[in-house]
C-alpha cells in the first residue's frame, strides 16, 4: 500500500528522530559481539564504523542510563504513537522505528538464548549476526532517506503492521 505525504520539513525531522533508537541498539549489538566473541561486522566492513561516529555521543548517554531503551520505547509508544493530535506521518515513522527495535530485540534473543549456547561463536553465528545487523542498518537507512524525502518508508510486513496500529 503506497501512502503519499505532504510532510513539512519539521514533520520530516520529527519523523526521522525515532529511528535513532534502533540505530543505537543495532550499533551496540554489533559492538558487544565484537568485544565479547571477536565476531565483528565492523572488523569485516570498516566503512560501517562511519555510522558510529555521529551517534557515539548519543550511545554514551544512552548506555549511561539504566533501562533507557525501555523508557524511550514506552514514551514513544504512549506520547507519540497513541496521540492522534500528532500527524500520521510522525506516528507512522515512530511506530515503524519501534517495530524495527522489536525485530532487533527478538533477533538478539534468538542469538543469545538459542544459538549461542548450542553452537558457540562460529562462522554460522557470525553470519546470522551480520544478517540481523545489516538488515536493521539497511531498514533504518532506507527509512531515514524516505522520511527525509517526505515519503512513507514501506518495509514489507513491518509497514503493514504499522498501518494496522496507526490510523
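Just so you know, all these numbers are worked out from the coordinates, no wet-lab data involved. Remember, it's a predicted structure, so these values are computed and weren't measured experimentally. Here the Cβ positions follow ideal geometry from the backbone for every residue, glycine too, while neighbour counts run over all protein chains shown.
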Helical contribution to [θ] at 222 nm, DSSP H n ≥ 4, -39,500 (n - 2.57), averaged over the chain, rounded to 500
-21500 deg cm²/dmol
Quick check on region 116-167: take the gyration tensor over C-alpha atoms, sort the square-rooted eigenvalues as a ≥ b ≥ c, and tell me if it's rounded (a/c under 1.5), prolate or oblate.
oblate
Alpha-carbon centroids, region 39-67 and region 108-167: separation in whole Å:
16 Å
Only Cα pairs within less than 10 Å get springs; with that Gaussian network setup on the chain, which residue of 70, 125, 28 has the largest fluctuation?
70
The computed P(r) of region 28-120 puts the percent of Cα pairs beyond 21 Å at 48 percent
Peptides 8-16, 129-137, 110-118 ordered by average Cβ neighbours within 10 Å, highest first:
129-137, 8-16, 110-118
Calculate how steeply helix 88-109 sits against the longest principal axis of the alpha-carbon atoms of the chain, using the helix alpha-carbon long axis, and give the answer as 0 to 90 degrees to the nearest 10.
20 degrees
Take 92, 67, 73, 45 and order them by how many other Cβ atoms sit within 10 Å, fewest up front.
67, 45, 73, 92
Residue span residue 113 to residue 49: 0.36 nm per residue of separation minus Cα-Cα distance leaves a gain in nm of 20.3 nm
Relative contact order for region 9-165: what is it in percent, counting Cα pairs under 8 Å that are at least 6 residues apart?
38 percent
With a 10 Å Cβ neighbour count serving as the proxy for reagent exposure, in which order, fewest first, do 24, 119, 164 appear?
164, 119, 24
Would you mind ranking 94, 84 by Cβ crowding within 10 Å, fewest neighbours first?
84, 94
